[in-house]
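Worksheet: one structure, shown below.
No value in this document is a laboratory result; all are computed from the given coordinates. Bear in mind that the values here come from a model prediction, so they are computed numbers and not experimental data. Every residue, glycine among them, receives a Cβ derived from its backbone with ideal geometry; neighbour counts consider all protein chains shown.
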Amino acid sequence: MSKGSEHAYTTRIVWTGNQGSGTSGYKAYGRDYDVLVDGRPVIKGSADPAFRGDPSRHNPEDLLVASLSSCHMLWYLHLAAEAGVTVQAYVDVAEGRMTVAGGGGGHFTEVVLRPKVTVPAGSDLALVESLHHRAHELCFIANSVCFPVRCEPQTEAVG
């Protein structure tokens, strides 16, 4: 990717929650929708169950946290490969915190990433852990949000 290059991303959201009377009342419609990106599987979405959504579907809040987590992971893996670090496993249990305001709106107050990286015994653990800082600096999604994104990594050396 060259400096100054621009990339466009197009998604199509289709509301599938019309239960026959549209939005004739707050309880009259479903919050279900499909996220469509050409050539990719459909993501079945809904609101968070706290907001009358279907708990079996992804909600925007989960997808935001997943976007931050996966962006960090992809940068981390890239940096590890460049640095000669062999990552054997990577699991992140990320958590986002959101506050709902009195008027119904709200905002995320933070997201905490907790990646656990497994590397071979004898790896330079200081290097392995330092790559998280650089991955955070480079993450497109973390650089696009207006709330703190913290990273609390763990490293395990095996073998």
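General observations
- Restricting region 53-112 to chymotrypsin sites (Phe, Trp or Tyr not before Pro) in coil, as DSSP defines it, with at most 14 other Cβ within 10 Å: none
- The gain in end-to-end length when the residue 133 to residue 121 segment is fully stretched comes to 2.1 nm, 0.36 nm per residue minus the alpha carbon separation.
- Over the chain, relative contact order from alpha-carbon pairs under 8 Å, at least 6 apart, %: 16 percent
- The phi-based Karplus calculation (6.51 cos²θ - 1.76 cosθ + 1.60; θ = phi - 60°) puts the 3J(HN,Hα) values of region 114-119 at 10, x, 10, 10, 10, 10 Hz, whole numbers, x for Gly and Pro.
- Take the Cβ atoms of residue 19 and residue 66, set R0 to 30 Å, and the FRET efficiency comes out at 0.60.
- Principal axis dimensions, largest first and in whole angstrom, of the chain by Cα: 63, 34, 32
- All distinct Cα pairs of region 1-58 go into the 1/r average, and the inverse of that average, the Kirkwood radius, is 13.3 Å.
- Fully extending the segment from residue 7 to residue 158, taken as 0.36 nm per residue of separation minus the present Cα-Cα distance, adds 50.5 nm.
- Region 23-85: translational diffusion in µm²/s, Stokes-Einstein, Kirkwood Rh over Cα pairs, 37 °C, 0.692 mPa s: 233 µm²/s
- Cα-based helix-to-principal-axis angle, 60-83 vs the chain, degrees rounded to 10: 20 degrees
- The chain - share of DSSP beta bridges that are antiparallel (%, nearest 5): 65 percent
- Between 0 and 90°, nearest 10: helix 125-138 axis offset from the chain longest Cα axis: 40 degrees
- Applying 1/(1 + (r/R0)^6) with R0 = 30 Å to the Cβ-Cβ distance of residue 86 and residue 114 gives a FRET efficiency near 0.90.
- With the largest listed first and rounded to whole Å, the semi-axes of the equivalent ellipsoid of region 82-144 from the Cα gyration tensor are 33, 13, 8.
- Check: region 1-58 dipole with +1 on Lys, Arg Cβ and -1 on Asp, Glu Cβ, in debye: 80 debye
- For residue 116, the residues whose modelled amide H falls within less than 5 Å of its own, excluding neighbours fewer than 5 places apart on the same chain, are 91, 92, 93, 154.
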